[in-house]
Amino acid sequence: MVHHLSPTGVAALLLLALVVDYLDIGKGLGDRIAFCLGIVAIREGFDGSQIDSWTVGWLVAIIDALKKAAGDAYIAGATSLLVVGVLLSMLLLYCIGCMLPKRIGKKLGKFAEVELPKTGLYKINWKLWVLAAIFGLMSDLPQGWLGGALRWTLNQLGSIVSFLPSFLFGVN
């Protein structure tokens, strides 16, 4: 993975994302901005780290236990890591629905009406941060078109927001 930010820049971007979420800028806009900044900061700062390995290992262990409970069923032959990737792809679809503007709901139906719970001023949206952490840490697991689109989007997003810590705070 190519890093767009220094470790100090990652810390500054993560703090900026938390402040944007805390201050609740705009009607749903703050959540979208905080998510974009947060997912880049988490991916830059923690992807490939011990916490990433532990999280993936924990999920694989749960799936392995479920497969073992299935015994000799055909589904028990599934590759656990790929199953985690499929689950993340499904969660990605939910996340896309949450991030879409509500005004296109007439064209996409209920999918565009899915949203994260509102938290109000001076509160952190923990569901948003759980999603940002999941995709920041495990964006390399989903395969196929969705996985490729996710990684491409995160790379482009990293390129776009990487100037913010230097521009706003003077850190590279």
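The values are calculated or read from the model by the stated rules, or taken from the named source; none is laboratory data. Since we're looking at a predicted model, the values are computed, not measured. Backbone-built Cβ (ideal geometry, glycine too); neighbour counts: all protein chains shown.
One residue alone among ALA70, ALA112 is at pLDDT below 95, out of contact with any Ser or Thr (no Cβ under 8 Å at 6 or more places or on another chain), under 25 Å from ASP31 (Cβ atoms) and small (Gly, Ala, Ser), and that residue is ALA112. Note on the stretch 122-172: residues that are within 15 Å of ALA34 (Cα to Cα), of a type in the set (Phe, Trp, Tyr) and assigned to a helix (DSSP H, G or I) amount to 3.
Screening the candidates GLY85, GLY136, GLY120 for the property of being under 19 Å from ASP21 (Cβ atoms) and surrounded by 14 or more Cβ atoms within 10 Å (Cβ to Cβ) yields one hit, GLY136. Residues of the stretch 1-38 that are among the charged types (D, E, K, R), in a helix (DSSP H, G or I) and either more than 18 Å from the chain's Cα centre (by Cα) or more than 16 Å from LEU157 (Cα to Cα) (or both): ASP21 alone. Within the stretch 61-74, residues that are free of Cβ contacts under 8 Å to residues at least 60 places away in the same chain have Cβ atoms under 6 Å from residues that are part of a helix (DSSP H, G or I) in these pairs: ILE63/SER80; ILE63/VAL83; ASP64/SER80; LYS67/ALA76; ALA70/ALA76, counting only partners at least 6 apart in sequence or on another chain. Of the residues making up the stretch 26-44, those that are buried (at least 16 other Cβ atoms within 10 Å of the Cβ) and over 14 Å from LEU131 (Cα atoms) are GLY28, GLY30, GLU44. Assess whether LYS110 counts as being in a helix (DSSP H, G or I), of a type in the set (D, E, K, R), closer than 22 Å to ILE42 by Cα and free of Cβ contacts under 8 Å to residues at least 24 places away in the same chain. It is false that LYS110 is in a helix (DSSP H, G or I), of a type in the set (D, E, K, R), closer than 22 Å to ILE42 by Cα and free of Cβ contacts under 8 Å to residues at least 24 places away in the same chain.
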